[in-house]
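*Asks:* Can you read through this structure? Questions will come right after.
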Amino acid sequence: MSNSIEKAAQRLEQLRQAGAQMPAASTAAPSVAPVAPVASVTSVEPPVAPRRPAVSTPVGSRFVNLDFERLTAAGFVTPTAPRSMVADQFRVIKRPLIDNATGKGASVVRSGNLIMVTSSMPGEGKSFTAVNLALSMAMEMDHTVMLVDADVARPSIMKVLGLPPGPGLLDMLVDDKLEMSQVLLRTNIENLTLLPSGSPRAQATELLASAAMTDLVDDMGKRYSDRIIIFDSPPLLLTTESRVLAAHMGQIVMVVQAEKTLQSQVKHALSTIESCPVKLMVLNQARGAGQDAYGYGYGYGYGYGQREAKTEAEVQS
């Protein structure tokens with residue numbers, strides 16, 4: 001230690017003789033030169049704006065591809081399909097629905113953008129009709145369409161479209177923190193989105209008649225007022241929950257299968273939706289003159305309260 005102090009003293013003496021300015025003597029000479037503090041640096045960084053608190057952004061909707069070739073072969077209307085009787089007649093069927101949904105109908109229809117497709121009994125072709133209506137409407141230049149699989153007990157929309165099941169309507173009914181964008185599916189038809197039925201639940205049909213469903217439907221109708229929302233619902237005579245859903249709709253399309261559905265069933269089903277202002281009936285698989293073995297068709301009519309107008313058309317299915 002004494003050798004180190006002696007060497008430091010000799011170095012100080014050499015610096016004095018060389019004319020260097022030395023600090024006042026201290027009791028102990030430092031062994032290393034002091035380091036200048038950071039604050040003495042002349043280049044100053046520009047002030048940084050305070051960070052905003054992190055905001056959770058909703059997860060974007062997933063994208064799915066519809067197989068147009070497969071759907072066309074199954075009798076559905078697609079953007080790439082050649083012109084057909086199916087496409088032409090769905091253009092006719094959808095027109096009054098679109099006019100009512102956009103306020104261009106004979107009278108203003110409350111919640112006209114909410115359309116429920118149903119039937120009196122299962123197996124009458126309501127899901128086929130719902131999908132074709134959604135596809136046909138989505139090909140309009142000025143309208144966007146959301147197709148909702150609300151037949152939660154027997155969901156079929158995803159299977160019909162060749163898509164795997166996933167979270168959807170039922171998940172939103174039991175989880176109020178779930179955003180619509182997290183379960184909605186965007187498709188390769190720009191104006192068409194899909195809302196699956198969601199994860200299977202033991203009380204699926206009861207959820208359809210719950211207050212949560214009422215709030216959700218009302219919110220969808222107001223939030224997406226510029227969008228036509230089509231609900232594929234359970235048959236009217238199979239569960240009472242579909243009648244609760246019908247009470248929130250502006251328009252109802254009821255599919256009836258020719259030569260199968262009983263007239264008494266049709267009358268009973270219609271009596272359960274009397275409160276809906278607009279009801280359109282579609283007669284499915286009605287044979288027409290001059291059609292081949294696959295020539296089934298649709299006859300349809302629609303009414304506003306007590307005033308009804310009926311039209312007939314035939315479509316291959």
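*Asks:* Which percentage, to the nearest 5, of the DSSP beta bridges contained in segment 62-312 is antiparallel?
*Replies:* The antiparallel fraction comes to roughly 35 percent.
*Asks:* Given a Förster radius of 22 Å and the C-beta distance between D176 and V244 as r, what FRET efficiency does 1/(1 + (r/R0)^6) yield to the nearest 0.05?
*Replies:* Taking R0 as 22 Å, the efficiency between D176 and V244 is 0.70.
*Asks:* In a Debye calculation with equal point scatterers on the alpha-carbon sites of segment 62-312 and no solvent, what is log10 I(q)/I(0) at q = 0.07, 0.12, 0.16 Å⁻¹?
*Replies:* -0.21, -0.65, -1.23
*Asks:* So if we plug the beta-carbon distance of S271 and E190 into 1/(1 + (r/R0)^6) with R0 = 30 Å, what FRET efficiency do we get, rounded to 0.05? Numbers along the way, then the final one.
*Replies:* Details: r = 40 Å, r/R0 = 1.33.
So, using R0 = 30 Å, E works out to roughly 0.15.
*Asks:* Only counting other Cβ atoms within 10 Å, I'd like F231, F68 sorted with the fewest neighbours first.
*Replies:* Values: F231 27, F68 16.
Sorted ascending by nearby Cβ count, the order is F68, F231.
*Asks:* Sticking with this one: State, to one decimal in nm, how far the label point of F63 lies from the label point of S225, with both points 7 Å from Cα in the Cβ direction.
*Replies:* It works out to 3.1 nm between the two label points.
*Asks:* Tell me, M172, M85 in order of fewest to most beta-carbon neighbours within 10 Å?
*Replies:* Lowest count first: M85, M172.
*Asks:* Could you work out the local net charge near A269, counting Lys and Arg as +1, Asp and Glu as -1, over the other residues with Cβ closer than 13 Å to its Cβ?
*Replies:* Its environment carries a net charge of +2.
*Asks:* Can I ask one more? Report the local net charge at P82: Lys and Arg +1, Asp and Glu -1, summed over other residues whose C-beta lies under 14 Å from its C-beta.
*Replies:* -1
*Asks:* To continue, here is another question. Going by how many other beta carbons lie within 10 Å of each one, how would you line up E179, E69, fewest first?
*Replies:* Ascending number of Cβ neighbours within 10 Å: E69, E179.
*Asks:* May I pose another question? Taking the Cα-to-Cβ direction at D215 and at A258 and moving 7 Å from each Cα, how far apart do the two end points lie in nm?
*Replies:* Going by the 7 Å Cα→Cβ label model, 4.6 nm.
*Asks:* Next up: Determine the alpha carbon to alpha carbon distance for each of K126/K267; K94/K279; K159/K222; K177/K222; K126/K222; K126/K159 and list only those over 21 Å.
*Replies:* K159/K222; K126/K222
*Asks:* Give me the extension gain from T144 to A73: residue separation times 0.36 nm, minus the current Cα-Cα distance, reported in nm with one decimal.
*Replies:* In short, 23.1 nm is gained.
*Asks:* Using the Karplus curve 6.51 cos²θ - 1.76 cosθ + 1.60 with θ = phi - 60°, work out ³J(HN,Hα) for each residue of segment 228-238 in order, rounded to whole Hz, and write x for Gly and Pro.
*Replies:* 8, 10, 9, 9, 8, 9, x, x, 5, 8, 8
*Asks:* What dipole magnitude, in Debye to the nearest 20, does segment 62-312 give about its Cα centre under +1 on Lys/Arg Cβ and -1 on Asp/Glu Cβ?
*Replies:* The dipole of segment 62-312 has a size of about 440 debye.
*Asks:* Charges only on Cβ, +1 for Lys and Arg, -1 for Asp and Glu: so what's the dipole of segment 94-173 about the Cα centre, in debye to the nearest 20? All intermediate terms of the calculation are to be shown ahead of the outcome.
*Replies:* Values: 7 positive and 7 negative charges, 32 e Å.
I would put it at about 160 debye.
Each reported figure results from applying straightforward, stated rules to the coordinates on display, with no laboratory input. Keep in mind it's a predicted model, so treat the numbers as computed, not measured. Neighbour counts are summed over all protein chains in view; Cβ atoms, including those assigned to glycine, are modelled from backbone coordinates with ideal geometry.
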